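Below is one structure, written out as structure tokens; comments come after it.
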Amino acid sequence: MAYKKIKNLRWVIAGLVLLNTIANYVDRQSLSVLAPQLRRDLGLGDVGYAHVVQAFLVAYTAFYIIAGIIIDRWGVKIAYGGAMAWWSIAAILNAFARSVWGLGSFQFLLGVGESFNFIAAQKVAAEWYPPKERALLNGLSNAAAVVGAIITPPLVVWLMHLWNWRIAFVVTGAMGLLWLIPWYFLYYSPAKHPRITSQELEFIRGPQPASGAAAASQENKMRWIELLRFRETWGLLLARTVSDPVWWFYIFWLPKYLTESRGMTMKAMSAVIWIPYLASDIGSVLGGWFSGFLVARNWGILRARNLVLFWSAMAMPLGILIVFTKSQVAALAFMCVVLFAHMSWKTNLMTLTIDIFPKPVVASVAGIVATGSGLGATIFTGIVGSVIKNHSYTPIFVAMGFMHALAYLIVRWSVRPGRMSMPALSAA
């Protein structure tokens, strides 16, 4: 059967990934938006709510590695689509919760499915994009996550007022199931896609290793446990452990900081909090685009990524000034710089995984590395709560100013051009 070719098909695939990531964040953020109503209807107190959130985070972190293994073994089409179906159904099941325990169970199932999202997106980037475009796709994917976080409150509140909170869970979950239709018909690997043009396939593949060890290394499929033998795996994991808690802090604590420490009303806070998150969107896209721009101009891949990582890390100490300025406008500006720089950093750090590991193990490595993010967030969140309770926000903002610099040193130690610990990495 002859299929009509689609020009620039890889960007159609990118659109599917972005829509899925938006749905991913809508499903996970719905709980926090609906929490006040759940407290009244299910007796969900602060401790119970914390346990429900922990149920999601534990599953989300624990299944990163499993997600990576499944994606590498079963392929993106089956694993990503199956995960989307799983977490969409889990999101819908929240509508049937009758107790805190039941809600926590459904959130656990949601975390299991959602752990696949960013791992699969990195696998798509490895399969569909040459090095000069990979960081841009990762940047767009990270930006889509923030778009999901921004649109969830008005969408979910509108659904709740139109019907009720149970219907809100059903509708947001069902959106993901609709995504499966175009995914089933449009996603294949580039080599097997019936609608890809020969020119685009050649562009994606780029220069191919002729034969011998270089070619064989690209086909080598190792067990995930073997990936722990490489310095690069541990370096990227530790870098995520050190740097990612900054993002989780701004997600979970920023509204509280603005209202409690800077004296903003809830209305004033809600009117401006989207601005730093928008800055993070811009940082995701521009950070990914700029390193790709350098690669396209014959910079070495690691040199280009490291340059963006360096300047992103150097901008982070400006966040310390947030707690020392009395101006709300200045504080907001510093927050924008911090989130812009962090997402520029994160986009390029995620892309390094794709750059330096062979395609057959990209998802497995991404799962291992992403586990560092969850571990760092869990540990840092406990420290934040204790420090704020016994001291103030100041030590937290000071510490966050230097965490990316430490992570940068870890990256430079572990990922060194010409001195890779795995033969397949030397091409980077």
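The values are calculated or read from the model by the stated rules, or taken from the named source; none is laboratory data. The structure displayed is predicted, hence computed values, not measured ones. Positions of Cβ are generated from backbone atoms using ideal geometry, with glycine treated the same way; all protein chains shown enter the neighbour counts.
What's the number of the only condition in (1) assigned to a helix (DSSP H, G or I); (2) free of Cβ contacts under 8 Å to residues at least 60 places away in the same chain that Gly263 fails to meet?
(1)
Go over the candidates Gly401, Gly385 one by one and state the one that is free of Cβ contacts under 8 Å to residues at least 24 places away in the same chain, surrounded by fewer than 23 Cβ atoms within 10 Å (Cβ to Cβ) and assigned by TED's automatic domain parsing to the domain that holds Ile275.
Values: Gly401 fails: free of Cβ contacts under 8 Å to residues at least 24 places away in the same chain.
None of the other options fit; the residue is Gly385.
Please work out which one of (1) of a type in the set (Phe, Trp, Tyr); (2) over 19 Å from Val384 (Cβ atoms); (3) at pLDDT below 80 is the condition Trp234 fails and give its number.
Of (1) of a type in the set (Phe, Trp, Tyr); (2) over 19 Å from Val384 (Cβ atoms); (3) at pLDDT below 80, only one is false for Trp234: (3).
Can Trp165 be described as in the same structural domain as Leu31 (by TED's automatic domain parsing), within 29 Å of Asn94 (Cα to Cα) and in contact with a Leu (Cβ under 7 Å, 6 or more places away or on another chain)?
On the way: in the same structural domain as Leu31 (by TED's automatic domain parsing): yes; within 29 Å of Asn94 (Cα to Cα): yes; in contact with a Leu (Cβ under 7 Å, 6 or more places away or on another chain): yes.
Spelling it out, Trp165 is indeed in the same structural domain as Leu31 (by TED's automatic domain parsing), within 29 Å of Asn94 (Cα to Cα) and in contact with a Leu (Cβ under 7 Å, 6 or more places away or on another chain).
Among the residues of segment 281-311, how many are small (Gly, Ala, Ser) and closer than 13 Å to Thr351 by Cβ? Quick ask: steps written out before the conclusion?
Start the filter on segment 281-311 by keeping residues that are small (Gly, Ala, Ser), which leaves 283-284, 287-288, 291-292, 296, 300, 304.
Okay, now just the ones that are also closer than 13 Å to Thr351 by Cβ, so 284, 287-288, 291-292, 304.
Result for segment 281-311: 6.
Tally time: how many residues in segment 332-362 are aliphatic (A, V, I, L, M) and either surrounded by fewer than 21 Cβ atoms within 10 Å (Cβ to Cβ) or assigned to a loop (DSSP other than H, G, I, E, B) (or both)?
Of all residues in segment 332-362, those aliphatic (A, V, I, L, M) come to 332-333, 335, 337-339, 341, 343, 349-350, 352, 354, 356, 361-362.
The next check asks that each one be either surrounded by fewer than 21 Cβ atoms within 10 Å (Cβ to Cβ) or assigned to a loop (DSSP other than H, G, I, E, B) (or both); those that pass are 332-333, 337.
Matching residues across segment 332-362 total 3.
Exactly one of (1) farther than 30 Å from Thr152 by Cα; (2) buried (at least 16 other Cβ atoms within 10 Å of the Cβ); (3) not β-branched (Val, Ile, Thr) is unmet by Met316. Its number?
(1)
Pairs only if they're at least six apart or on different chains, beta carbon under 6 angstrom, first in segment 142-161 and farther than 21 Å from Val17 by Cα, second modelled with pLDDT of 85 or more; list them, first residue then second.
As it stands, the answer is Val156/Ala168; Leu159/Ala168; Leu159/Val171; Met160/Ala168, since those pairs meet every condition given.
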